[in-house]
Every structure is written in C-alpha cells, then in structure tokens.
Amino acid sequence: MEESRNNIPKEFRRVFWDVNPHTLDIWRDADFILECVLEYGTWDAVKCVREIYSDDELRPFFLLRS
C-alpha cells in the first residue's frame, strides 16, 4: 500500500462522500471508518480494513455494537 500508515487507503475513500477522506486518520477515526466501510464498502474495502486493523483493534468496535 503506497499510502502513509495514517491515511485512508484509496481502496475505500469512496465510502466517505460526506467528509474529506484526507482529514481522516485511521487510528483516531477508526470507529467512524469501520462503520462507513462496513455499511457502504465493497468486499475489497472490508478486506483492506482487515489488513489495517488487528483482531484486538477490531474487538472493541464490535463489542460496543453487540
């Protein structure tokens, strides 16, 4: 991935039509990013999220929504 580690990968920028994806940080805005990608993203975007976030990083997101 050619992007900086904190930038939104181009594979799923299209799900952020209501915000400037360049202002998002993958760590600071993880909950927002996950919500958008899981709601509006493609399967490739979901796979990309799995490459970025570990199981331990994803667990709190899903536990809060269960």
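Any read-out appearing in this document is the output of simple, stated calculations on the displayed coordinates, not a laboratory observation. Only a predicted model underlies this, so the values are computations on that prediction, with no experimental measurement involved. Virtual Cβ from ideal backbone geometry, glycine too; neighbours counted across all protein chains shown.
Quick notes
- Region 17-46, residues that are farther than 17 Å from Arg65 by Cβ and under 10 Å from the mean Cα position of the chain (by Cα): Leu24, Asp25, Ile26, Trp27, Ala45
- Within region 17-31, if we keep just the residues that are in a helix (DSSP H, G or I) and touching a residue at least 12 places away in the same chain (Cβ under 8 Å), the residue that is farthest from Val49 (Cα to Cα) turns out to be His22.
- From the options Arg59, Arg14, Arg50, residue that is basic (Lys, Arg) and either within 10 Å of the chain's Cα centre (by Cα) or outside any helix (DSSP H, G or I) (or both): Arg50
- Region 46-65 residues that are surrounded by 12 or more Cβ atoms within 10 Å (Cβ to Cβ), paired with ones that are in a helix (DSSP H, G or I) and among the small types (Gly, Ala, Ser) (beta carbon under 8 Å, 6 or more apart): Tyr53/Ala30; Glu57/Ala30; Phe61/Ala30
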